[in-house]
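Inspection log for the structure reproduced underneath, given as structure tokens.
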Amino acid sequence: MEDVFVVEGVKKSYGDSTVVDGVGFRIRKGEIYGLLGPNGAGKTTTISIVMGILQADSGKVEISGMPHGPREMRTKALLGFVPQQNALYEDLTARENLRFFARLYGLSGSVARERIEEVLTAVGLADRADDLVSSYSGGMARRTAIAAGLLNRPQGLVLDEPTAGVDPQSRNAILEHVRALADSGVAVLYSTHYMEEAERICDRVGILDDGRIRAEGTRRELVDTLGERDRVVLELDGAAADAARALEELPGVHTAVATENGVELDCDRGAELAPRIVRALADRGLELRSLTIHEPDLEAVFLHITGKALRG
Amino acid sequence: MFGIIATIAAKDLRRRLKDGSLLLFGLALPVGLALLFSSLLGDGAQDGRDIRYLVVDSDGGELAAVFVDEVLAPLDEDGVITLGEESDADAARAAVDEREYDAAFVVPEGFTAAVMAGEDASIGVVGSADAAVQVQIAREIAESFATEADAARAAVASALDAGAAATPEELSERVQDAPVPVALAEVPTETWRQLDTATYHAAGMAYFFLFFVVMSSVTALLDERKGGTLARYLAAPVRRSSLLAGRALSATVVGVASLLVLALISSLVLGAQWGPLPGVLALTLSGVLAAVGITSAVAAFSTSSEQAGNRISVLAFGLGLLGGGLFPVAQLGAFSAVSLVTPHHWFLTGLAELSGGSGGAVPTSVLVLTGMAVAAGALAFSRAGRMLTP
Ligand SMILES: Nc1ncnc2c1ncn2[C@@H]1O[C@H](COP(=O)(O)OP(=O)(O)OP(=O)(O)O)[C@@H](O)[C@H]1O
Ligand SMILES: [Mg+2]
């Protein structure tokens, strides 16, 4: 019974659009599973189903071997949740928020008090706990939200983009904290659209796009599927779309995607290709400002699999 | 289960107490406006039960005696009015000016004779400017008596087939024997509902603002959805029904507290008479449940708390205008039938009956209000699935 999360063939549609289309994964005790996908990929919807907030149209979710869904109180009690929005009462203090959320998990009196102290200390907020949440910085509010997800000492912790809109220092603290939780045996489902985060703390990553998990594995496994491929990032002065179209014609280039300020290429052996890229652009009178060759990473995997830049 | 409902309600209350709206809508505005209205429309501090009339019989005839003994005296005996007699019209006017009485009936010299002759005859009413409603009632009583007397005369006359041949004795017998005219019989009890201006305005304001008091507790669910805290509830091992019940409970507690506090304050400050406590409690609870049900139904069909708030405000004004929360619609005649669809009407009617001492109508009001609460609540509940989707 190592698997805390077992998710199989989960689907969810709104009208004609299928938002989650047969998603499945397993997460073991002590493992961090990253759900990596761009905006609108279906991360939050998947997570809502995993949390029992939304009813899936089909598929199943098990938590620690027990069937799970919106009406399953037993399994809900085993999960901790850090929603994408902080979801705190701004007009209450952190401690008042936590006291209320603790009650939702059946914790009251001295047990609740100890638990609240424990999570506040864990996220480093003990000394500001009696201030109104509305007076908090983004990072502090986020840490309070995380504290709320830990009140019931969950077997499975689900975090939906926990570092979005957070300063770098808080972000580091959060990542380290999540890692430490996993090391203590918690199974973690972690959604993000930051490739660096997924690379840094996730043991395994599922690449989610258009409601489907397109590839899954450890970082190593995913990168190895690319073979000798590289990701080349070009910065241009405008005309990114033209450039992308032109560069896709070059032999050795698999995909070329226009981004905000340039083009990203998924290609074989970037170093050999670089001079030809420069010439092709010059031929069309396009100004190249910089060219970077990236060793294969998750972003390259993402580009290769979906034909999209992760932050397009 | 109940623990969770109470926890949710307690958290809501804590938040409501922190924001100022509760104090504004639940206390400051209704008390302030009730004070203002009562002072504009009548002596609010005066005991509303006590309608004090004076009668001056300058006629001394048969019909004047009938008016005093058969019409006014029974009202006095029933405790509906306090009746005094005075021999001189000027003295009566002075007593009214001194505010010892609200109004004086002056049966003029030759009243009986004039009626007998089929001439225009009327009973004069001298009223105090401070007691507009009481004076209005006095006029109604005087007028309907004169009308009745004239009708009786005509009937007697035609029966005798001889015009003016009837004697005053025959006529007064006729007036006495005539079935008590409906209009006359109903004037006191019907208008009784508007007698006590202090209570009327205090209760009307309180119930009008009740909708604004419960509004933010009810629409908070939409804010929870927007702010994401709804997702936390749904993720927690808590039944969805507790969430709705907790919210309804906090709205009800806030509403009941605000009405009771207003009842207390208006009794102390304005001399309002809300009537016996058990009746007031039953009426308050059912009245609040109706308001919670109606506001919940509106919220359930809205997409944001702002939208719900706007709709509820418009509805609260509409119902308040129609239902008599803001001014006495009963005076609008046929139009007043519309007020039957408003909880305001039933709340005020129930209170009026209560303070009038005839408890019979209170259960009806309580039943109607509870019915409204159940119907509106069911409508709101039918949308629970949508409300509880993040
Ligand atoms: N209630 C809904 N009704 C209709 N469409 C919805 C609903 N909820 C989500 N969607 C759609 O489903 C898709 C996936 O949404 P979801 O919030 O799961 O994405 P996400 O990966 O979490 O994105 P983000 O990174 O922006 O949070 C989006 O296209 C969104 O518009
Ligand atoms: Mg999301």
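The values are calculated or read from the model by the stated rules, or taken from the named source; none is laboratory data. A quick note: this is a predicted structure, and the numbers were derived from the prediction, not measured. No Cβ is skipped: glycine too gets one built from the backbone with ideal geometry, and neighbour counts run over all protein chains shown. Accessible surface is based on the protein model in full, side chains and every heavy atom, while ligands, DNA and RNA are left aside. Shrake-Rupley method; radii C 1.70, N 1.55, O 1.52, S 1.80 Å.
What nm distance separates the two modelled labels at B:LEU36 and A:SER290, each placed 7 Å from Cα along Cα→Cβ?
6.5 nm
How many angstrom lie between the C-alpha centres of segment A:114-178 and segment A:218-272?
38 Å
Taking Cα pairs under 8 Å and at least six residues apart, what relative contact order does segment A:3-224 come out at, in percent?
Dividing the mean separation by the residue count of segment A:3-224 yields 30 percent.
Any chance you could count the Lys pairs in the protein assembly as shown whose alpha carbons are under 26 Å apart, treating pairs 8 or more apart or on different chains as valid?
Here the count comes out as 23.
To the nearest 500 deg cm²/dmol, what mean residue ellipticity at 222 nm is calculated for chain A from DSSP H runs of n ≥ 4 alone, each contributing -39,500 (n - 2.57), summed and divided by the residues?
About -10500 deg cm²/dmol.
If you filter segment A:163-258 for GluC sites (Glu not before Pro), then keep DSSP loop positions with at most 14 other Cβ within 10 Å, what is left?
Listed in order of number, the matching sites are A:GLU228, A:GLU249.
For chain A, just say rounded, prolate or oblate: build the C-alpha gyration tensor, square-root its eigenvalues into a ≥ b ≥ c, call rounded for a/c under 1.5, and beyond that prolate if a/b exceeds b/c, oblate if not.
In terms of gyration-tensor shape, prolate.
With solvent modelled as a 1.4 Å probe, how much accessible area in total do chains B and A shield from it at their shared surface, in Å² to the nearest 100?
2300 Å²
Tell me the carbon and sulfur percent of the accessible area for segment A:230-295, rounded to whole percent, probe radius 1.4 Å.
Carbon and sulfur together cover 45 percent of it.
Let me know the charge dipole size of segment A:3-224 about its Cα centre in debye, to the nearest 20, where only the beta-carbon of Lys, Arg (+1) and Asp, Glu (-1) is charged.
Once rounded to the nearest 20, the dipole reads 560 debye.
List the residues of segment A:202-232 whose backbone N lies under 12 Å from a point placed 7 Å from the Cα of A:ARG179 along the Cα-to-Cβ direction.
Label zone hits: A:202-203.
Whole angstrom only: what separates the Cα centroid of segment A:62-107 from the Cα centroid of segment B:8-28?
A separation of 25 Å, based on Cα centres.
Indicate the gyration tensor shape class of the protein assembly as shown (rounded, prolate or oblate), computed on the Cα atoms with a ≥ b ≥ c the square roots of the eigenvalues: a/c under 1.5 is rounded; otherwise a/b larger than b/c is prolate and the rest oblate.
Because a/c hits 1.5 or more and a/b exceeds b/c, the protein assembly as shown counts as prolate.
Set the Förster radius R0 to 35 Å, insert the Cβ-Cβ distance between A:ASN172 and A:ASP242 as r into 1/(1 + (r/R0)^6), and round the FRET efficiency to 0.05.
It comes out at approximately 0.30.
If R0 is 60 Å, what FRET efficiency do you get for B:LYS226 and A:ARG276 from their C-beta distance, rounded to 0.05?
Once rounded, the FRET efficiency stands at 0.70.
Rounded, prolate or oblate: which fits segment A:230-295, taking a ≥ b ≥ c as square roots of the Cα gyration tensor eigenvalues, rounded meaning a/c under 1.5, else prolate when a/b beats b/c?
Judged from the Cα gyration tensor, segment A:230-295 comes out rounded (a/c under 1.5).
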